[in-house]
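The values are calculated or read from the model by the stated rules, or taken from the named source; none is laboratory data. For clarity, every value in this text was computed on a predicted model and none was experimentally measured. Neighbour counts run over all protein chains shown; Cβ positions are idealised from the backbone, glycine included.
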Ligand SMILES: C[S@@+](CC[C@H](N)C(=O)[O-])C[C@H]1O[C@@H](n2cnc3c(N)ncnc32)[C@H](O)[C@@H]1O
């Protein structure tokens, strides 16, 4: 396929899910990703309690609600506000899921005494810098926090789904997930654009193993990735300056 026709094909595919989401009144085209993931891996089932980390505008929450039905419960959390859904058993919190304050709000909402959910799903995206390795490192930080939350809040044998931007730390991340779950897969649903770096980690059957401190996000690496970003920005500004001078 030529470059032009490939672009056209990708555009049309994008429009297909975009239009379908509009037609079926889903809040995002991402809804179809969760539907396709669930068809293949059967992670969410009727009557279950779901926690959605990074849920705005709420497309995954709509799909989760359809699957769990009237007797299930869906809690979402996002930095952005989420419009109400009109169901008593679907609730969204505005907050940062990496903060203890937000985690306390989630704990309060879980409708059982043991404060445990059946499935943790996360489609959270970091702020995109446009630099592949920096975005990958930020995404790994977010999914590591999501995994830590899953190990605290999941019932034993519960499931975990998380989006991650592909890169060289993915193997270590999958190794980490395997420490806590019986079965782990990496997949890319059809509704995910081929040119996007996102893949989804599907982890089934939480073993109940407690989170180990040594698995916390490596703060040094985070500093390094922010530093790298700054250096790249400066270099790119300098290149532009050189380019402008040579154009004059
Ligand atoms: C791709 S969107 C999620 C789309 C959603 N699955 C849907 O179907 O509507 C990613 C979201 O992650 C959220 N996010 C990123 N980091 C977060 C954090 N630390 N706490 C809460 N939300 C976060 C962003 O605000 C953004 O709304």
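Observations on the structure shown:
- Residue 144 being more than 16 Å from the ligand (Cβ to nearest atom) and at pLDDT 95 or above: no
- Filter result for residue 137 (in contact with a helix residue (DSSP H, G or I) (Cβ under 9 Å, 6 or more places away or on another chain) and closer than 20 Å to residue 49 by Cα): no
- Only a single criterion out of (1) in contact (Cβ under 8 Å) with a residue 40 or more places away in the chain; (2) buried (at least 20 other Cβ atoms within 10 Å of the Cβ); (3) within 11 Å of the ligand (Cβ to nearest atom) is not satisfied by residue 117, namely (3).
- Residue check, residue 30 on the phi < 0 side of the Ramachandran plot and at pLDDT 95 or above: yes
- When 135, 123, 118, 171 are screened for being modelled with pLDDT of 95 or more and farther than 18 Å from residue 41 by Cα, only 171 passes.
- Residue match in segment 143-158 (condition: part of a strand (DSSP E or B) and more than 24 Å from residue 95 (Cβ to Cβ)): yes
- Residue 127 meets each of the listed conditions (1) buried (at least 16 other Cβ atoms within 10 Å of the Cβ); (2) within 14 Å of the ligand (Cβ to nearest atom); (3) not in a helix (DSSP H, G or I) apart from (1).
- Residues of segment 177-189 that turn out to be without any contact (Cβ under 8 Å) to a residue 40 or more places away in the chain and surrounded by fewer than 16 Cβ atoms within 10 Å (Cβ to Cβ), as a count: 5
- Residues in segment 104-134 that are at positive phi and in contact with a helix residue (DSSP H, G or I) (Cβ under 8 Å, 6 or more places away or on another chain): 115 only.
- The set of residues in segment 98-112 being in a helix (DSSP H, G or I) and more than 13 Å from the ligand (Cβ to nearest atom) consists of 104, 107, 108, 109.
- Scanning segment 42-58 for residues that are closer than 19 Å to residue 146 by Cα and surrounded by fewer than 21 Cβ atoms within 10 Å (Cβ to Cβ) yields one hit, 57.
- Selection within segment 168-201 - part of a strand (DSSP E or B) and farther than 18 Å from residue 125 by Cβ: 181, 182, 183, 184, 185
- The residues on offer are 227, 208, and the sole one that is over 23 Å from residue 79 (Cβ atoms) and modelled with pLDDT under 95 is 227.
- Matching residues in segment 28-61 - criterion: being part of a loop (DSSP other than H, G, I, E, B), without any contact (Cβ under 8 Å) to a residue 40 or more places away in the chain and within 20 Å of residue 93 (Cβ to Cβ): 28, 56, 57, 58
- So residue 164, is it buried (at least 20 other Cβ atoms within 10 Å of the Cβ), without any contact (Cβ under 8 Å) to a residue 40 or more places away in the chain and either within 13 Å of the ligand (Cβ to nearest atom) or assigned to a helix (DSSP H, G or I) (or both): yes
- Residues being within 11 Å of the ligand (Cβ to nearest atom), free of Cβ contacts under 8 Å to residues at least 24 places away in the same chain and not in a loop (DSSP other than H, G, I, E, B) - total across segment 70-97: 2
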